[in-house]
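A.B. asks: Before I ask anything, here is the structure I am working with.
Just so it is clear, none of the values below were taken in a lab; they were calculated from the coordinates. All figures in this text were calculated on a predicted structure; none of them were measured in a lab. Cβ atoms come from the backbone with ideal geometry, glycine included; neighbour counts cover every protein chain shown.
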Ligand SMILES: *Cc1c(COP(=O)(O)O)cnc(C)c1O
C-alpha cells in the first residue's frame with residue numbers, strides 16, 4: 001500500500017464529497033465531528049483514511065475493532081464503538097475505545113465502569129465518552145401509529161428511561177456522559193425522529209450541562225441530523241463504498 005494507490009484515491013474523492021456536503025449543510029455554523037465508520041473494511045483502509053486526515057473512526061463489533069486497533073496502532077486516532085455491546089466485551093472495548101455510542105442499559109454502564117477502573121490504573125488513559133442510545137421508534141407526535149408499527153426498533157432506550165441511565169453514567173468514575181445517540185427508524189422520513197432526538201437532548205442537558213453531544217446522521221441522512229444540531233456524524237458507505245460481505 002502506498003498513499004497514492006487507487007483505493008486511497010477513491011477514498012480521498014468520496015471523503016471530499018462527504019466533507020463538502022457537511023460544509024454546505026453547516027453554513028456558518030460549526031461543523032460536527034465526522035466519524036468514518038470502517039466496519040467490515042480492512043485495517044489498511046483505516047490507515048489510508050488516517051493519511052487523509054481522518055481522526056475518528058467507528059466500529060460496531062468488538063472482535064473486529066480490537067484487531068484493527070492493534071494493526072493500526074495510532075495514538076492519535078480515536079475509535080468510537082457504535083454497535084450493540086455485550087457486557088462481557090466491556091473490558092476489551094475499554095482497552096481501545098475513546099467512546100461508546102450505544103449505551104442502552106445499566107448493567108453495561110457498570111461493566112464499562114469496572115473495565116475503565118482497571119484500564120486507567122494500568123495506562124492512565126482518559127475517561128471514556130458515553131452516549132446513551134435512544135430508541136426513536138417509540139410512538140411520538142408527528143409519526144402515525146401505522147408508521148410506527150411498520151418498522152422495528154433499532155436499539156436503544158425509550159426517551160422516558162434516559163434520566164436514570166444518565167445519572168448512573170455521570171456517577172461512574174472513568175466514564176463521561178457525552179450525550180445521546182440514535183439511528184433514524186427505517187422506512188420513514190428521518191426528520192421527525194431527529195426532532196425528537198433534539199428534544200431528548202435538550203432535556204438531558206437541563207440536568208447534565210456538559211452532555212451536549214448528539215450522535216446522529218449516517219450516509220443518507222446526515223443533512224437531516226445536522227439540521228437538528230448533530231455534533232457527531234457516523235458515515236460509512238458513502239466514504240468506504242459498499243460493505244464487503246466478509247472481512
Ligand atoms: C453502519 C453504521 C453507520 C454507518 O452507516 P452508513 O449508512 O454506512 O453511513 C452508522 N451508525 C451505526 C450505528 C451503524 O451501525
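A.B. asks: Treat each spin label as a single point 7 Å out from the Cα along the C-beta direction, and report the residue 127 to residue 203 distance in nm.
C.D. replies: 2.3 nm
A.B. asks: Give the calculated FRET efficiency between residue 17 and residue 44 to the nearest 0.05, with a Förster radius of 25 Å applied to their Cβ-Cβ distance.
C.D. replies: Numbers: r = 21 Å, r/R0 = 0.85.
About 0.75, to the nearest 0.05.
A.B. asks: Let me ask you something else. Take the Cα atoms of the range 1-135, find their three principal axes, and give me the spread along each one in whole Å, biggest first.
C.D. replies: Rounded to whole Å, the extents work out to 42, 36, 25 Å.
A.B. asks: Can you tell me the length gained on complete extension of the stretch residue 76 to residue 10, counting 0.36 nm per residue apart and subtracting the Cα distance?
C.D. replies: Details: separation 66, 0.36 × 66 = 23.76 nm, distance 2.34 nm.
That pair, residue 76 and residue 10, stretches by 21.4 nm at full extension.
A.B. asks: Also, quick follow-up: Most exposed first by the Cβ proxy, i.e. fewest other Cβ within 10 Å, how do 81, 194, 40 rank? List each step's numbers first, then the result.
C.D. replies: Numbers: 81 27, 194 24, 40 19.
Taking fewest neighbouring Cβ atoms as first place, the list is 40, 194, 81.
A.B. asks: Antiparallel versus total DSSP beta bridges in the chain: what percent is that, nearest 5? Intermediate values should be presented prior to the final figure.
C.D. replies: Numbers: 0 of 27 bridges.
Expressed as a percentage, antiparallel bridges in the chain total about 0.
A.B. asks: Let me ask you something else. Taking all pairs of different Cα atoms in the chain, averaging 1/r and flipping that mean, what Kirkwood radius in angstroms comes out? If you can, show how the numbers build up before the last one.
C.D. replies: Working: mean 1/r = 0.0541 Å⁻¹.
After inverting the pairwise mean of 1/r, the radius is 18.5 Å.
A.B. asks: Measuring from label point to label point, each 7 Å out along Cα→Cβ, what is the residue 219 to residue 98 span in nm?
C.D. replies: 2.3 nm
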